[in-house]
Amino acid sequence: MAGRIEDYALIGDMQTAALVCRDGSIDWLCLPRFDSPAVFAGLLGDEENGFWRIGPACADGANPPTADRRSYADDSLILRSEWDTLQGTVRVTDFMPPRDGAPQLVRIVEGLTGQVQMCSALRMRFSYGRVVPWVHKVGDRTAAVAGPDSVWLDTAASTRGEDRTTYADFTVRAGERIAFTISWQPSHRGEPPLPEPYSALETTAEFWREWVEQCTYRGPYRDAVIRSLITLKALTYGPTGGIVAAPTTSLPEEIGGVRNWDYRYTWLRDAAITLSSLLRTGYRQEAHAWREWLLRAVAGDPENLQIMYGIAGERELVEAELDWLGGYEGSSPVRVGNGAAGQLQLDVYGETVEALHLADRAGLAPNDHAAALQLKMIAYLQEHWTEPDEGIWEVRGPRRHFVHSKVMAWVAVDRTVKLIESGRAVGPLQQWRELRDAIHRDVCAKGFDRERNTFTQSYGSSELDASLLLILQVGFLPPDDKRVIGTIEAIQRELSTEDGFILRYRTGGPGAGLDGLPGDEGAFLACSFWMADDLAMIGRLDEARVLFEKLLALRNDLGLLAEEWDPRLKRQVGNFPQAFSHVPLIDTALRLQRAFDLAEAACGIPDPVSFSHRRCPPRGQ
């Protein structure tokens, strides 16, 4: 049985990723890419769909023991899990070396004290747990082959096959180490190179050490920021620079519900905001790689801009259901592909242009193709910004005039006007200034409820939407505007859970709600971070800090966040780990630090994590 979502750890090689449970079971791994069919799919089914558990041996019928401790080795993606038994203490180190050849997953068992009986149980199932491979010996190696794929197990431990599972029973004593490695290879190529697990551990540790050293953030939340940055790096597909929203599919937004989607693709929105966080913390190489990915994916066709692409820029992401998988805790259907790829979401133009704008401001070398693409996007928006769309949340109901979409269209035009004003591009400056002003007037006239003093989800609607919190952050209106403050306070009243976290919008319960889907969902973590941002920007710094630290407390023991928090079950839900949660964590930490710096300069506040919104004393006192 799969663990709770927060029971999992992430390991990866910047091309794919695995989830490791507290009991030492790897229940999710796609090979060779994030979006490839899973070899271990027990997370979305059961053990018959594939897993690999290494841990202390347990009596027949007993549940595998969970690790007593686990952590990442320093600032890395190298996982260490430790078990204390009556016979001694043992550690399992799990990692995936950044690859320059065959993808590998390495598990090193190390005796710390005494001697511990251990068991490795490896059940490979290809094609998302549906296909049983042909498992056979090739010399000292064990090969599992099915169609185009092969996975090779290398270990010095003696192995045996039983119940279509490869077992190894062994004893590890204090000071001893024994390694297990699986490597993927196209089946027609024969054997992959023999792994070198111990040297791979050293090079992997060095890779992460050098990468983390580039981080420029030195604020009070550095540990949380570093862990989020490492997670975002792990979600980046190294060969192309594409960034997946999450390494999983169909982890439910409601346990037992149908809101289960495949997030193993590159959303322009998610990738753009990830880029902004990386740039603001010193990571220019990733920003350059993403910009190049964007130019290849969009090509010369911004009129047909998709909201998401495959990690190499693929456009066809056909949605299908895997009916042989029962779903995480019975949450079905299990989906691969994503039908939302064909939706119209006008806000992605704003997020994409904002990312290009930030890259330009950060000093990335000018790119004529990027500037030309940006101008083409605005030409498209000029003709289409008045149309309804599906909006940021990809509703599967009718299109609407979403306020957030219109605001982000304004962002796209505003940043392009600034680009032309700077002299780095040539375009119809006065025409687009007028377009920018027209969008602004339209939003303020049609998207604002004067009686309630709040912007609304869409034109003519009375519903609220947490995406309205971004009105302030993108500069559409200033922090002291009463409409901004009224919107923040309305969202606090109407979209807050009892513990103060923020819902995206009201879903409508068991029947099909505003988004065209039945059921409910948890508090959306990105929206809760946005609320903390807004509170800081309007000067309510203590309130912002308290909410931010409550959000940090929702992370699992390794600092990882899913997409949402279920306030009723008090657990994480949705795909995991989620870029769209870790990016705003970084952004809020940066914003709080800037707010402290300003407060310190004005008032001399000494403690960077003890903000106060009290007024500064008058000058001269």
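Quick check: is even one residue across the stretch 261-273 of a type in the set (A, V, I, L, M, F, W, C), closer than 24 Å to Phe576 by Cβ, crowded, with 16+ Cβ neighbours inside 10 Å and out of contact with any Phe, Trp or Tyr (no Cβ under 9 Å at 6 or more places or on another chain)? Give the derivation first.
Restricting attention to the stretch 261-273, the residues satisfying the condition of being of a type in the set (A, V, I, L, M, F, W, C) are 261, 267-268, 271-273.
Filter again for closer than 24 Å to Phe576 by Cβ, leaving 261, 267-268, 271-273.
Narrowing further to those that are crowded, with 16+ Cβ neighbours inside 10 Å: 261, 267-268, 271-273.
From what is left, the residues that are out of contact with any Phe, Trp or Tyr (no Cβ under 9 Å at 6 or more places or on another chain) are 261.
Among the residues of the stretch 261-273, at least one is of a type in the set (A, V, I, L, M, F, W, C), closer than 24 Å to Phe576 by Cβ, crowded, with 16+ Cβ neighbours inside 10 Å and out of contact with any Phe, Trp or Tyr (no Cβ under 9 Å at 6 or more places or on another chain), which makes the answer yes.
Does Asp534 satisfy the condition of being at pLDDT 95 or above, within 23 Å of Arg280 (Cα to Cα) and of a type in the set (D, E, K, R)? Answer is yes for this residue. For the residues Ala359, Ala355, Ala297, Ala365, the requirement of being farther than 17 Å from Trp267 by Cα and buried (at least 21 other Cβ atoms within 10 Å of the Cβ) singles out Ala359. Any idea which residue in the stretch 276-301 is nearest to Thr216 (Cα to Cα), counting only those that are polar (S, T, N, Q) and in a helix (DSSP H, G or I)? Here the residue is Ser277. Among the residues of the stretch 196-219, those identified as part of a loop (DSSP other than H, G, I, E, B), surrounded by 15 or more Cβ atoms within 10 Å (Cβ to Cβ) and either small (Gly, Ala, Ser) or in contact (Cβ under 8 Å) with a residue 24 or more places away in the chain (or both) are Cys215, Tyr217, Gly219.
The condition of being in the same structural domain as Gly282 (by TED's automatic domain parsing), in contact with a Phe, Trp or Tyr (Cβ under 9 Å, 6 or more places away or on another chain) and of a type in the set (Lys, Arg) does not hold for Lys376.
The rows are residues; the columns are (1) under 30 Å from Glu191 (Cβ atoms); (2) surrounded by 18 or more Cβ atoms within 10 Å (Cβ to Cβ); (3) among the aromatic types (Phe, Trp, Tyr).
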position: Ile5; (1), (2), (3): no, yes, no
position: Cys58; (1), (2), (3): no, no, no
position: Asn63; (1), (2), (3): no, no, no
position: Leu77; (1), (2), (3): yes, yes, no
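Considering only residues in the stretch 389-424 that are buried (at least 24 other Cβ atoms within 10 Å of the Cβ) and among the hydroxyl-bearing types (Ser, Thr, Tyr), the one that is farthest from Gln345 (Cα to Cα) turns out to be Thr416.
If you go through the stretch 557-598 and keep only what is at pLDDT 95 or above, among the small types (Gly, Ala, Ser) and over 11 Å from the mean Cα position of the chain (by Cα), you end up with Gly559, Ala589.
Within the stretch 139-151, restricting attention to residues that are under 17 Å from Ala168 (Cβ atoms) and surrounded by fewer than 20 Cβ atoms within 10 Å (Cβ to Cβ), which residue is farthest from the chain's Cα centre (by Cα)? Reasoning before the result, please.
Within the stretch 139-151, the subset under 17 Å from Ala168 (Cβ atoms) is 139-144, 151.
Filter once more, so that each one left must be surrounded by fewer than 20 Cβ atoms within 10 Å (Cβ to Cβ): 139-141.
Numbers: Gly139: 41, Asp140: 39, Arg141: 36 Å.
Looking at the filtered set, the residue picked out is Gly139.
Could you say whether any residue in the stretch 279-288 is closer than 12 Å to Thr352 by Cβ, touching a Leu at 6+ places or on another chain (Cβ under 9 Å) and among the hydroxyl-bearing types (Ser, Thr, Tyr)? So far as the stretch 279-288 goes, no, none of its residues is closer than 12 Å to Thr352 by Cβ, touching a Leu at 6+ places or on another chain (Cβ under 9 Å) and among the hydroxyl-bearing types (Ser, Thr, Tyr).
Within the stretch 453-501, the set of residues being in contact with a Pro (Cβ under 8 Å, 6 or more places away or on another chain), surrounded by fewer than 17 Cβ atoms within 10 Å (Cβ to Cβ) and not acidic (Asp, Glu) comprises just one member, Thr497. Total residues in the stretch 220-241 satisfying the condition of being of a type in the set (Phe, Trp, Tyr) and in a helix (DSSP H, G or I): the figure is 0. Annotation for the stretch 279-292: at least one member residue is under 17 Å from Gln15 (Cα atoms), within 16 Å of the chain's Cα centre (by Cα) and in contact (Cβ under 8 Å) with a residue 24 or more places away in the chain. The C-beta contact set for the stretch 140-157 (first residue assigned by TED's automatic domain parsing to the domain that holds Arg130, second residue among the aromatic types (Phe, Trp, Tyr) and at pLDDT 95 or above, distance under 6 angstrom, 6+ apart or interchain) comprises Arg141/Trp152; Ala143/Trp152; Val145/Trp134; Ala146/Phe126; Asp149/Phe126; Val151/Trp184; Thr155/Phe180; Ala157/Phe170.
Since Arg504 meets every condition but one in (1) of a type outside the set (A, V, I, L, M); (2) surrounded by 18 or more Cβ atoms within 10 Å (Cβ to Cβ); (3) modelled with pLDDT of 95 or more; (4) not in a helix (DSSP H, G or I), which condition does it not meet? Arg504 satisfies all of (1) of a type outside the set (A, V, I, L, M); (2) surrounded by 18 or more Cβ atoms within 10 Å (Cβ to Cβ); (3) modelled with pLDDT of 95 or more; (4) not in a helix (DSSP H, G or I) except (3). Counting residues in the stretch 434-441 that are surrounded by fewer than 24 Cβ atoms within 10 Å (Cβ to Cβ), of a type in the set (Gly, Ala, Ser) and at pLDDT 95 or above gives one or more.
The values are calculated or read from the model by the stated rules, or taken from the named source; none is laboratory data. What you are looking at is a predicted structure, and each value in this text was computed from that prediction instead of being measured. Neighbour counts run over all protein chains shown; Cβ positions are idealised from the backbone, glycine included.
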